[in-house]
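The values are calculated or read from the model by the stated rules, or taken from the named source; none is laboratory data. Predicted, not measured: the structure shown is a model, and the values here were computed from it. Counting neighbours? That spans all protein chains shown, and the Cβs are built from the backbone with ideal geometry, glycine included. To get the accessible areas, we keep the full protein, side chains included, count just its heavy atoms, and leave off ligands, DNA and RNA. Shrake-Rupley method; radii C 1.70, N 1.55, O 1.52, S 1.80 Å.
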Amino acid sequence: MKCANINLSTNKKEYEILFSKKHVLFFFFFFVFSSKRLILKLFIPAFSIHCYYCNSANNTACLDVNQYEDEVRSRIIPIVHCESAIPSPVAMNFFCRKIVQTIFHTYRDSEVRVTRGCGWVPHHKECYKDDNSDHLGTVCQCFQDLCNSGDTVDPTTATTLFIAFSICLYFWR
């Protein structure tokens, strides 16, 4: 029986490079920061959040709340405390939701409608699309106060993108 000729010094060197202290610390911090939301959900049973609450069908300012200054926005677009706006006997993890729908009408032009409010049953995706015979919609959910104001990047998403970019740069060298 013949054994394969393995250069142990090369493999040991590769092993030391792969599992150096720097790499282990890097991946430890990557895991901790990327799982922050999951860890918080395990230890905090429910939290309260403030969200914009409007529908562009009866409040045209709801179409784009970022076009208004803070002072004007606070007077024309309601902000709700989700825990008190949606009473429930059980503790729920509320979040903010923004729904953009294109509604198809038979006898007139299509209409874009924006609805902002609270949610309590999260979807597994941050944003998803629904397609129906009478409308097309995009539903986005977010987990910080007043985050349903527009197309802003969620801090968790920004952190994850930063870490992924850092990993690429680290191994590029």
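Report, by chain and number, residues whose modeled amide H sits under 5 Å from the one on I49, excluding near sequence neighbours (fewer than 5 apart, same chain).
C82, E83
Please calculate how many Å² of accessible area segment 92-142 carries per residue, with a 1.4 Å probe and no DNA, RNA or ligand atoms counted. If you can, show how the numbers build up before the last one.
Working: 3170 Å² over 51 residues.
Per-residue value: 62 Å².
At what distance in nm do the modelled label points of N55 and H124 sit from each other, each positioned 7 Å from its Cα along Cα→Cβ?
Between N55 and H124, the simple spin-label model gives 3.0 nm.
Given the peptides 108-119, 59-70, 125-136, 91-102, arrange them by the average over their residues of other C-beta atoms within 10 Å, most packed first. Please report the intermediate quantities before stating the final value.
Working: 108-119: 16.1, 59-70: 13.1, 125-136: 11.0, 91-102: 19.2.
Packing order, densest peptide first, comes out as 91-102, 108-119, 59-70, 125-136.
Could you give the length gained on full extension between D64 and D131, defined as 0.36 nm per residue of separation minus the Cα-Cα distance, in nm?
Residue separation times 0.36 nm, minus the Cα-Cα distance, leaves 21.9 nm.
Tell me, what is the FRET efficiency for T106 and A85 to the nearest 0.05, using R0 = 35 angstrom and their Cβ-Cβ distance as r?
Working from the Cβ atoms, E equals 0.55.
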